[in-house]
1. Please enumerate the residues belonging to the stretch 1-23 that are surrounded by 10 or more Cβ atoms within 10 Å (Cβ to Cβ) and either of a type in the set (S, T, N, Q) or over 31 Å from the mean Cα position of the chain (by Cα) (or both).
2. For Thr5, are the conditions met, namely being more than 30 Å from Val59 (Cα to Cα), of a type in the set (Ser, Thr, Tyr), assigned to a loop (DSSP other than H, G, I, E, B) and modelled with pLDDT under 90?
3. Among residues belonging to the stretch 29-55 that are aliphatic (A, V, I, L, M) and surrounded by 10 or more Cβ atoms within 10 Å (Cβ to Cβ), point out the one that is farthest from Leu18 (Cα to Cα).
4. It is to be established whether one or more residues within the stretch 39-56 are at pLDDT below 95, acidic (Asp, Glu) and part of a helix (DSSP H, G or I).
5. Spot the failing condition for Gly60; the list is (1) touching a strand residue (DSSP E or B) at 6+ places or on another chain (Cβ under 9 Å); (2) in a loop (DSSP other than H, G, I, E, B), and only one is missed.
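The values are calculated or read from the model by the stated rules, or taken from the named source; none is laboratory data. Remember, it's a predicted structure, so these values are computed and weren't measured experimentally. Methodologically, a virtual Cβ is constructed for each residue, glycine included, from the backbone with ideal geometry; neighbour enumeration extends over all protein chains shown.
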Amino acid sequence: MPMRTPPRVTSEQVSDELGRFLKERTDIGLCNWLGDLFLEPRNPFQTGRRQPKRWVSVVGALTGFALLIVCYFHVL
C-alpha cells in the first residue's frame with residue numbers, strides 16, 4: 001500500500017489554530033507573567049485583587065520621593 005501524504009497546511013490555518021490554543025490557555029501570557037513578577041502569588045481561596053510585592057512598593061516609594069526632591073530643587 002502506498003504511503004499517503006498529509007494534506008498541506010496553510011499559514012492562516014496554523015495561525016487560527018495557535019490563536020485558539022492560546023485563548024484556551026488562560027494561565028500563560030505576557031500579562032500573567034508581569035502580574036506574577038510584580039504581584040503577590042495567586043491564592044485560589046481569595047477572589048480579590050492581588051497586592052503588589054514588597055520590593056515593588058519600596059521601589060515605587062523611593063522613585064516617588066526622588067521625583068519630589070528633583071522637582072523641589074528644580075523649582076527653587
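1. Correct list: Gln13, Ser15.
2. yes
3. Within the stretch 29-55, the first condition is being aliphatic (A, V, I, L, M), and the residues that meet it are 30, 34, 37, 39.
Next cut, surrounded by 10 or more Cβ atoms within 10 Å (Cβ to Cβ) only: 34, 39.
Values: Leu34: 22, Leu39: 28 Å.
Across the stretch 29-55, the extreme among qualifying residues is Leu39.
4. The answer is no, given that none of the residues of the stretch 39-56 is at pLDDT below 95, acidic (Asp, Glu) and part of a helix (DSSP H, G or I).
5. (2)
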